[in-house]
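The values are calculated or read from the model by the stated rules, or taken from the named source; none is laboratory data. A quick note: this is a predicted structure, and the numbers were derived from the prediction, not measured. When we count neighbours, we look across all protein chains shown, and the Cβ atoms used for this are built from the backbone with ideal geometry, even at glycine.
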Amino acid sequence: MALGVLAGAIALGIGTSGGPASPSGHRQAGAARASATADPVDAPRWAADQAFGAALFFLGHYELPSGRVARWDQGGDTVSEGEAYAMLLSVAAGDRRRFDAAWNWSRAHLLQPDGLLAWHWANGTIASNESAADADVDVAYALELAATRLHEPADLTSAAAMATAIAGKETTDTTSGPVLVAGPWAVGPPAWVNPSYASPWELAALGRLPGQAQSFGALVTGTRALVGQVLGSTALPPDWVQLTDAAPADVAPQGTGTDDRYGFDAVRIPIRWAASCTASERQAAARLWPTLGPPARRGRPTVDLGLRRDESHGRGAVQSPVGLVAAAASGWAAGHRDEALGLLSRAEALDHAHPSYYSSAWVALGRVFLQTGRLGTCPS
């Protein structure tokens, strides 16, 4: 497998099949209140309280009573990943009402005839009917969890239907097994993969749905191989990877020019992998700790992602909460729990001072994934 950096992404020389693709960014966006019907369990009381509070902060600021999740810091639009985050956090909080609102809104406004979700809604209508595989996987997983956690068997049917669509329309074959591509538009050739879009434990869980064992078992194998190769080839994982039959030098540069960097997509990799119940997957997140860990350990400033510009508030470069959550996750996986908890607290304080949709979501998900077992993860 050849590997090289393009102007637009890292390119992996892996055989694929499909149609044309190009990465499209969709990130970052307070104003409604949430109520929850149950407290997180399966975790120490203090950890459950922290995770529960962070989940309610996101749901209260960004999920409207209708179930639509509004990115207030990006003009009030909605993306399918936001609906997925609300569904996951509602399951974690045991809030059937919030979960139903988010799923019913998504089903009414985003669900497409192919069984996947349109990724972008704005100004009362779908702005792009392309699908984003991260949202589709997270929604299917949330539905699977809700079927038992929130006692609605019909959710299992919906989860299985979406899983079938994911396996059929959002994957491509490689020499290491099938991998999740960014959406139906990204199957290639060349195929585009966002390594942060799925975690092996979510894919493995979807494999337990009726009729999904073979396709999702293979996806787990392919995902582990891909992320393993990426982590072994770069100091930090990139936002985007391009899969191609050609050697990297033969691939025409594509993308925004920043896709080969560790950015606001790639931060999700250590968070998702650190929460796994599989030691090898936690070790993948732990390998990032020497780079992402606190400056005092590394002797140099926080990785570039720790800074972002927020022109909308007239501020210069400020530290990113989601970058700190990613660092916390790698530290958690590496066994540095006290330092990781300190980073999570810093991230939450920063986000509360200057809330944003994406940071609030990942502060909450980071706490739930790492500190509780409410989403099928292994916190201890």
Selection from the range 36-72 of residues modelled with pLDDT of 95 or more, outside any loop (DSSP other than H, G, I, E, B) and either touching a Phe, Trp or Tyr at 6+ places or on another chain (Cβ under 9 Å) or not small (Gly, Ala, Ser) (or both) yields 56, 57, 58, 59, 61, 62, 63, 69, 71, 72
Counting only residues that are assigned to a loop (DSSP other than H, G, I, E, B) and under 12 Å from residue 274 (Cα atoms), which one in the range 337-380 is modelled with the highest pLDDT?
-> 377
Single residue of 198, 191, 205, 182 found to be within 17 Å of the chain's Cα centre (by Cα), at pLDDT below 95 and over 16 Å from residue 283 (Cα atoms) | 198
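Condition check ((1) at pLDDT 65 or above; (2) crowded, with 20+ Cβ neighbours inside 10 Å; (3) out of contact with any strand residue (DSSP E or B) (no Cβ under 7 Å at 6 or more places or on another chain)) across all residues:
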{"site": "212", "(1), (2), (3)": "yes, yes, yes"}
{"site": "216", "(1), (2), (3)": "yes, yes, yes"}
{"site": "223", "(1), (2), (3)": "yes, yes, no"}
{"site": "226", "(1), (2), (3)": "yes, yes, no"}
{"site": "232", "(1), (2), (3)": "yes, no, yes"}
{"site": "269", "(1), (2), (3)": "yes, yes, yes"}
Go through (1) part of a loop (DSSP other than H, G, I, E, B); (2) within 19 Å of residue 186 (Cβ to Cβ) one by one and return the number of the condition residue 151 breaks.
-> (2)
Please tell me if residue 114 is closer than 26 Å to residue 156 by Cβ, assigned to a helix (DSSP H, G or I) and among the acidic types (Asp, Glu).
-> no
